[in-house]
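Taken together, the values in this text are just the output of simple stated rules run on the coordinates, not laboratory data. It should be emphasised that the depicted structure is a prediction, and the values quoted were computed from it without experimental measurement. Every residue, glycine among them, receives a Cβ derived from its backbone with ideal geometry; neighbour counts consider all protein chains shown.
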Amino acid sequence: MIIYLACGAPFGVYRASSGDSTWMRVVLSVLIWPVFAIRLATSKGRQRATNIQDLLLSTRKSIETAAFVASSPEAVFDFREIFDRYTGLALAAQESAAPAVAGLFELTGHPSRPLAESCMVRSQKARLGRHVNAARAEFASTLGPGRSDELNCVVQILADLLDDPALVLTFGTAEVATNSGRRAARVG
């Protein structure tokens, strides 16, 4: 009973600090904390994720409409895979990730745990950054040459949504590189 109430206490404090609760609701959230925890996790935790996923879905549909009107279904499915890879990696790069194995440094008796953790975070961020750069370049090159103003506008919206200004630069560079390759093919 004591452990049950101890687990429910943080939910009571959360409910009391939210400002719009009566003492009856605070006591109920302590007593029936498993129900409150599930309700809290489904409403607050997924609200932002749902919003950004909805925005990404509408952006993906706009890009498909602008760039893949006369394309085969296989090309659209390939684009969706590339889009999902790029957006997932870009969102993961935004999150401040603490190393999942930080406890190992303590267990192994590392002489400087904070230093090891910071090195691990830096290494993970660098690795993730390389993956984001590769996915961004693949995304930009997938859309091909001769892009419309509508597509450029949607890509700008996507870059703002993902907080990735390098996408606009990569998108422009991919177009220049593709056009240069086409010019070289015509000349040769």
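Model label points for V121 and A16, set 7 angstrom from Cα along the Cα-to-Cβ axis, are 3.2 nm apart. Estimated at 0.36 nm per residue, the fully extended path between I2 and S72 surpasses their Cα-Cα distance by 19.0 nm. Go ahead and collect, in residue order, the members of segment 155-171 whose backbone nitrogen is under 16 Å from a label point 7 Å along the Cα-Cβ direction of R80. Counting backbone N atoms under 16 Å from the label point, the list is empty.
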